[in-house]
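What follows is a single structure, written as structure tokens, with notes after it.
The values are calculated or read from the model by the stated rules, or taken from the named source; none is laboratory data. If you're wondering where the values come from, they're calculated on a predicted model, not measured in any experiment. Neighbour counts are summed over all protein chains in view; Cβ atoms, including those assigned to glycine, are modelled from backbone coordinates with ideal geometry.
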Amino acid sequence: MTSLMRMPMPSSGHDVFERILAAPAGVVALRSRDGEALLEQFRSIARHSGQAVYLWQPGQGLSSLRDAYARVPDAQRLGQALRYMQQSMHFGIYLLQEVELPLAATDLTLLRQLARATTGHLRRVVLLNAPRALVEQLGDQIACVDGEPEAPARLRLRDGRWLSGQA
């Protein structure tokens with residue numbers, strides 16, 4: 001006898017990646033309960049697709065997710081990494097993890113400039129689980145993406161018809 005178990009579907013890294021690319025702003029706030037798993041999915045996407053995906057972490061600087069040992073020189077501090085992102089002439093997804101507040105005024109200015117940059121080559125700066133205060137500080141200049149899978153619509157039976165939970 002086989003029993004069906006309902007297990008939560010993991011977030012599809014490809015789905016989240018596509019939502020980041022489609023975001024209307026250059027800076028994206030990404031919320032995820034399991035940021036490490038999502039980073040591993042992005043690492044896999046970068047390796048298999050050849051996409052330029054980078055990760056910045058305090059103390060480690062900016063490094064490529066595609067090439068595990070490739071670090072960007074002179075991008076240890078957040079301001080240095082943001083200037084690198086701003087000056088890059090190539091496609092890139094830049095994940096910022098563990099961004100701490102308060103940000104230096106110049107770093108906040110650079111983030112705002114990156115958020116407005118929508119012309120030319122595609123570049124997205126992704127604030128992974130950024131502090132709520134930072135998201136509020138940037139306001140409508142950034143796009144917000146949920147890294148969790150969408151909950152399926154709950155159906156209910158009413159008058160012999162199945163209705164979604166929103167009806």
Open item on the list: Return the pair list, or none, for Cβ contacts closer than 9 Å from residues in segment 31-47 that are touching a residue at least 12 places away in the same chain (Cβ under 8 Å) to residues that are aromatic (Phe, Trp, Tyr) and surrounded by 18 or more Cβ atoms within 10 Å (Cβ to Cβ), at least 6 apart or on different chains.
Closed with: Gln41/Phe17; Phe42/Phe17; Ile45/Phe17; Ala46/Tyr54
Open item on the list: I'm checking my understanding of the structure. Among residues of segment 1-40 that are β-branched (Val, Ile, Thr) and out of contact with any helix residue (DSSP H, G or I) (no Cβ under 8 Å at 6 or more places or on another chain), which one is modelled with the lowest pLDDT?
Closed with: Thr2
- [ ] Quick one: which residue in Thr106, Thr118 is hydroxyl-bearing (Ser, Thr, Tyr) and modelled with pLDDT under 95?
- [x] Thr118
Open item on the list: Given the options Ala70, Ala81, Ala75, name the one that is among the hydrophobic types (A, V, I, L, M, F, W, C), touching a residue at least 24 places away in the same chain (Cβ under 8 Å) and either in contact with a Gly (Cβ under 8 Å, 6 or more places away or on another chain) or closer than 21 Å to Leu39 by Cβ (or both).
Closed with: Ala81
TODO: Taking the residues in segment 82-117 that are out of contact with any helix residue (DSSP H, G or I) (no Cβ under 9 Å at 6 or more places or on another chain) and more than 19 Å from Val135 (Cα to Cα) as candidates, determine which candidate is surrounded by the most Cβ atoms within 10 Å (Cβ to Cβ).
DONE: Tyr84
Open item on the list: Here is a check on your reading of the model: is Ala130 among the hydrophobic types (A, V, I, L, M, F, W, C) and modelled with pLDDT of 90 or more?
Closed with: yes
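In segment 92-141, what count of residues is obtained for those that are of a type in the set (S, T, N, Q) and either in contact with an Asp or Glu (Cβ under 6 Å, 6 or more places away or on another chain) or without any contact (Cβ under 8 Å) to a residue 40 or more places away in the chain (or both)? So that I can check it myself, show each step before the final result.
Filtering segment 92-141 down to residues of a type in the set (S, T, N, Q) leaves 97, 106, 109, 113, 118-119, 129, 137, 141.
Retained after the next criterion (residues that are either in contact with an Asp or Glu (Cβ under 6 Å, 6 or more places away or on another chain) or without any contact (Cβ under 8 Å) to a residue 40 or more places away in the chain (or both)): 106, 109, 113, 119, 137.
Looking only at that region, the number is 5.
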Open item on the list: Given the criteria more than 23 Å from Ala22 (Cα to Cα) and over 13 Å from the mean Cα position of the chain (by Cα), does Gln87 qualify?
Closed with: no
Task: Considering residues of segment 58-76 that are of a type outside the set (A, V, I, L, M, F, W, C) and crowded, with 16+ Cβ neighbours inside 10 Å only, the residue modelled with the lowest pLDDT - done: Arg66
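Of the residues that make up segment 16-25, is at least one without any contact (Cβ under 8 Å) to a residue 60 or more places away in the chain and touching a Gly at 6+ places or on another chain (Cβ under 7 Å)?
Scanning segment 16-25, I find no residue that is without any contact (Cβ under 8 Å) to a residue 60 or more places away in the chain and touching a Gly at 6+ places or on another chain (Cβ under 7 Å), so the answer is no.
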